[in-house]
Each structure stands twice: as C-alpha cells, then as structure tokens.
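Below: one structure, written as structure tokens.
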Amino acid sequence: MKDTPQSLLEDVKNNLPLLYDVEEDYKVSLLKYSENIIYKVEFSKSSPVVFRIHRPGYHDIEELEGEIRWMDEIHKDTQVRLPVVYRGRDGGFLQKMRTSGGETVYCSVISFLYGSPLGELKGEALLDGLEKLGEITARLHIQSINRDKSVKIKRFCWDINNLFGDNGDGIWGSWRDYEGITGHDYRILEKCTENIKKELNHYGRSNDRYGLIHADLHFYNVISYEGNDQIIDFDDCGYGFYMYDMGCALVTYSKNFCELEEAWIRGYEKVRRLSDEDKRLIPMFVLIRRITRLAWLSGHADSDTAKTVEPEYLKVTVDLAREWLEANTKVAVITGAYECNMIPETGVMGL
C-alpha cells in the first residue's frame, strides 16, 4: 500500500461516521501494524471498537466474508470467546473505504476486547497457558469437524504446496526468500520440506485431521481479561491440518519442548482425543510453522512483529530441521535441538 499508518488514521477518522452509525465524539489511535492495520476507536459514551483495514490482495471479498461467517458460527456453537463483528450503515459486515492515497480497501469493525495479550509466558504460567490454549483449540476443531458443510466458507488452504511456496504459490511466499539463508541452510530446509510433504501425504485429509483452522493461534492472539481467555485475529484462518494450530502455539519455543507439548495435549484432550499419529507428528507441525514463518518475515520486514524477531530464529529453525531429519530419516545430522530446558526464545513476538 502507498498509504502510511498515519495517513490511514486520518482516513479512518473521516470515513467512520459515513460507514457506521457511531456517536460524533470519538478519537482514533493505531493499535497494531501487521498483516492488517488495526485502529482503536474510543467514544465518549459507548464502548470502544476496533477498526480493521484488511491488507489489499491478501483476501478477496468472499474470503473476508468467510472469515466473518466462521466467527459467527463459533459464537453460536461454542463457548470460545472472540470479538463480535458489527454491521455498517448499509447492513453489511464489510465496508469499502477510499484512502487518501487513492486505493480502495475493505474494512470492518469489531468489538474491542479488554485485557492484555498473554505474550511470552514463563515457568508454570507458560504451562498453564498452553493447557488452556490446547482446550480452546480443541473446541474450535470440534466445531470445524461438526459444522454444516453445506454452508460454504471460502478461505485459502494451508496445504502442502501453499505452506512452502514451492511453485510460487505460497500463501506467505517462500521461505527461500528469507534474508541470511546460506547454501548450507537451504539444503537442510529443502530436504526437510521434501520429507514433510511425504509425511503429510501419508497423514491424509480425513475429516478428523483436516478442516477449518485458526492458523495463527499463539499467545499474542490470546487476550486475557479477569481470568478469561479471548481469541483474536482470524485473518489467516483457512482449511488446513488441525495439528498445524499446535505448531502455531509452540512456534517461538525451541527448548523445554517435552513439557510444553505435554501441557498443550493435556488441555486439548480434556475436550477431544488425539491419535498416536497426531502426537507423533507434533514436532513436524511445529517445524512446518517455523519454516512457513520465515516466508512471512521475509515479506513483512517493516511490520511490528518482524522487528522483534532475533537473528537466532533462523539458526534455531535449521537446528530443529536437522533434529527432525535425524529422528525421521537415516541422514546424519547434528542432535540436541529438542532439549527439555525451559528457555523460550527471547524477543520473539508471536505470528
């Protein structure tokens, strides 16, 4: 986009009362600049709301409507807490806004959730948080499995090709574009993704393994308020492997993996049982998310999230790929990536 977050802030101020039935006295502030550009709108009398500008080119209108439709289903079918989407003056959930830079963008308004992102938890709080997140994830998966499939939801697919961008069709691009990848790194990650694709083909897409997923369910997308956890940011939701959501939860952790995995599973299985095959492939799904995230970071270097990622992220990802290859093939690689020491990577905001 040609527009800057600051210029768009002025556009939001000017267009909000035209698009939505709101009170006259309000102020707008930038809340987050990432995949979408998010503003907080505060009123003198009413509760605050969040104004989202959806990134041009990432979703078409049917996909944006699909996101809202699934959120509405989750509200009706589960006890999972998430934002409410408000209708505009024309009765629609999605609105078009002409920016001062001359672009037409889709936007939407959702309820503002009080509380704070769980972020980088440590110690027992981390284990407790993962257990709760596992339980929430299972509830979303059960809704996805049982939902009325005749009600069509158009979203993209986190499938074998779209995860890694092998043919230029990656949802987030290709991990190969990440700055700093050496020839040595490339060979390890290329071998790793080849083997992962074979595993996924064998794993299959049965109804209990593949369906609508959040696809970005980490602690920065969990807002805690008065003891309740609330889920935000369905922008990446789509069709994918259910266990990919677990990979998202653990993407910023490379050590203490055993305890972290057990905590998430413990919470998940309070609601839904996992098969032995699901559990066996957990390290692979964490690795899938880490590699896919390299593609996102390469294309969003100016985002708030990318600015918090330390250089060690690439090195740790390559080390984990070596470890996974050693555990699943006869390739001789360096060991030791999955030590059970409780040390999360520092300075890494969730994605």
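The values are calculated or read from the model by the stated rules, or taken from the named source; none is laboratory data. Bear in mind the structure is a predicted one, so any value in this text is a computation, not a measurement. Here the Cβ is made from the backbone with ideal geometry for all residues, glycine too, and neighbour counts use every protein chain on show.
Which residue pairs have Cβ atoms closer than 9 Å, lie 6 or more positions apart in sequence or on different chains, and pair a first residue in region 179-197 that is hydroxyl-bearing (Ser, Thr, Tyr) with a second residue that is assigned to a loop (DSSP other than H, G, I, E, B) and surrounded by 11 or more Cβ atoms within 10 Å (Cβ to Cβ)? As it stands, the answer is 193/166, since those pairs meet every condition given. Among the residues of region 13-22, are any under 24 Å from the mean Cα position of the chain (by Cα) and modelled with pLDDT of 95 or more? Within region 13-22 (the criterion being under 24 Å from the mean Cα position of the chain (by Cα) and modelled with pLDDT of 95 or more), the answer is no, since none of the residues qualifies. Take the conditions more than 19 Å from residue 215 (Cβ to Cβ), touching a Cys at 6+ places or on another chain (Cβ under 8 Å), surrounded by 16 or more Cβ atoms within 10 Å (Cβ to Cβ) and not assigned by TED's automatic domain parsing to the domain that holds residue 271 and apply them to residue 37. Does it pass? When the stated conditions are applied, residue 37 does not pass them. For region 39-67, filtered to residues that are part of a loop (DSSP other than H, G, I, E, B) and among the hydroxyl-bearing types (Ser, Thr, Tyr), the residue that is farthest from the chain's Cα centre (by Cα) is 44. Within this structure, residue 24 fails the test of being in a helix (DSSP H, G or I), over 27 Å from residue 227 (Cβ atoms) and not polar (S, T, N, Q).
For region 1-56, which positions are among the polar types (S, T, N, Q) and within 22 Å of residue 91 (Cβ to Cβ)?
14, 15, 46, 47
Restricting the first member to region 110-122 and to residues that are closer than 14 Å to residue 40 by Cβ, and the second to residues that are among the basic types (Lys, Arg) and part of a strand (DSSP E or B), the beta-carbon pairs closer than 7 Å and six or more apart or on different chains are 110/52; 112/40.
Scanning region 27-55 for residues being over 15 Å from residue 111 (Cβ atoms) and out of contact with any Leu (no Cβ under 7 Å at 6 or more places or on another chain) gives a total of 10.
Among the criteria (1) farther than 18 Å from residue 221 by Cβ; (2) at pLDDT 95 or above, the one residue 72 does not fulfil is (2). Here the condition is being under 30 Å from residue 262 (Cα atoms), at pLDDT below 95 and surrounded by fewer than 18 Cβ atoms within 10 Å (Cβ to Cβ); of 129, 168, 101, 123, it holds for 123 alone.
Looking only at region 179-220, residues that are part of a helix (DSSP H, G or I), modelled with pLDDT of 95 or more and touching a Ser or Thr at 6+ places or on another chain (Cβ under 9 Å) come to 4 in all. Surrounded by 17 or more Cβ atoms within 10 Å (Cβ to Cβ), closer than 20 Å to residue 317 by Cα and within 13 Å of the chain's Cα centre (by Cα): does that describe residue 217? Answer is yes for this residue.
Give 259, 226, 269 a once-over and let me know the one that is charged (D, E, K, R) and in contact with a helix residue (DSSP H, G or I) (Cβ under 7 Å, 6 or more places away or on another chain).
259 is the lone residue from the list that is charged (D, E, K, R) and in contact with a helix residue (DSSP H, G or I) (Cβ under 7 Å, 6 or more places away or on another chain).
In a residue-by-residue description of region 115-131, the property of being under 20 Å from residue 68 (Cβ atoms) and either touching a Pro at 6+ places or on another chain (Cβ under 8 Å) or among the aliphatic types (A, V, I, L, M) (or both) applies to no position.
I need the helices (runs of 4 or more DSSP H) fully contained in region 221-297, keeping only those with at least 2 residues that are of a type outside the set (A, V, I, L, M) and buried (at least 19 other Cβ atoms within 10 Å of the Cβ).
Working: elements: 244-249, 257-268, 276-280.
It comes to 244-249, 257-268.
On the basis of being acidic (Asp, Glu) and outside any helix (DSSP H, G or I), does residue 11 make the cut?
no
In the condition set (1) touching a residue at least 60 places away in the same chain (Cβ under 8 Å); (2) closer than 18 Å to residue 210 by Cβ; (3) in contact with a strand residue (DSSP E or B) (Cβ under 8 Å, 6 or more places away or on another chain), residue 285 is compliant with all but (1). Counting only residues that are under 17 Å from residue 107 (Cα atoms) and β-branched (Val, Ile, Thr), which one in region 62-96 is surrounded by the fewest Cβ atoms within 10 Å (Cβ to Cβ)? Looking at the filtered set, the residue picked out is 84.
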